[in-house]
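Take a look at the following structure, please.
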Amino acid sequence: MNKDFLNQFSLHACKNILIGTGAAIIGILLLSFISSLIIYFTNLTESSLPAFAIVITAIAAFGGAFLTARLNGSRGLIMGLICGLLLFVILLLFGSSGGISVWLQLLCCAIPGMAAVF
């Protein structure tokens, strides 16, 4: 294979992964804002926040991984997994656990990421 082709492919795939992860982060921010409004305006207690965190993380990871797989056009399982793991690392670095354990957060990022096969 031509080395220029491999370099271009890897840069293209990395760009798609970063776009998908950025979309997942934006999704987390938007869904967190919506869940805070729901908790504020309803009778739900703050003890329901870990459940919201699990659902929000899973939905955002699925959306970001789906976008990554769609932009890449192939290898959706691997690209989705990489996007989900990158999202997990970013959430881990910023300490955004949302009251859930690290292992559960890893599963909430990786499994929906792999499920977003194009």
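The values are calculated or read from the model by the stated rules, or taken from the named source; none is laboratory data. Given the structure is predicted, the values throughout are model-derived calculations rather than measurements. Cβ atoms come from the backbone with ideal geometry, glycine included; neighbour counts cover every protein chain shown. Just the protein is used for accessible areas: all its heavy atoms, side chains included, with ligands, DNA and RNA removed. Shrake-Rupley method; radii C 1.70, N 1.55, O 1.52, S 1.80 Å.
In the set I100, I82, which member is outside any helix (DSSP H, G or I) and either open to solvent by 50 Å² or more (accessible area, probe 1.4 Å) or touching a helix residue (DSSP H, G or I) at 6+ places or on another chain (Cβ under 8 Å) (or both)?
I100
In the stretch 16-57, which residue that is among the aliphatic types (A, V, I, L, M) and open to solvent by less than 30 Å² (accessible area, probe 1.4 Å) is farthest from the chain's Cα centre (by Cα)? Please lay out each step first, then the result.
Of the residues in the stretch 16-57, the ones among the aliphatic types (A, V, I, L, M) are 17-19, 23-26, 28-31, 34, 37-39, 44, 49, 51, 53-56.
Checking the rest, the ones that are also open to solvent by less than 30 Å² (accessible area, probe 1.4 Å) come to 17, 24, 28, 39, 53, 56.
Values: I17: 10, A24: 5, I28: 8, I39: 23, A53: 12, I56: 9 Å.
Ranking the candidates gives I39 first.
Something else now. Six or more apart or on different chains, Cβ under 6 Å: which pairs go from a residue in the stretch 47-62 that's farther than 22 Å from C83 by Cα to one that's among the small types (G, A, S) and surrounded by fewer than 23 Cβ atoms within 10 Å (Cβ to Cβ)? Could you list them?
Correct list of pairs: L49/G99; P50/G99.
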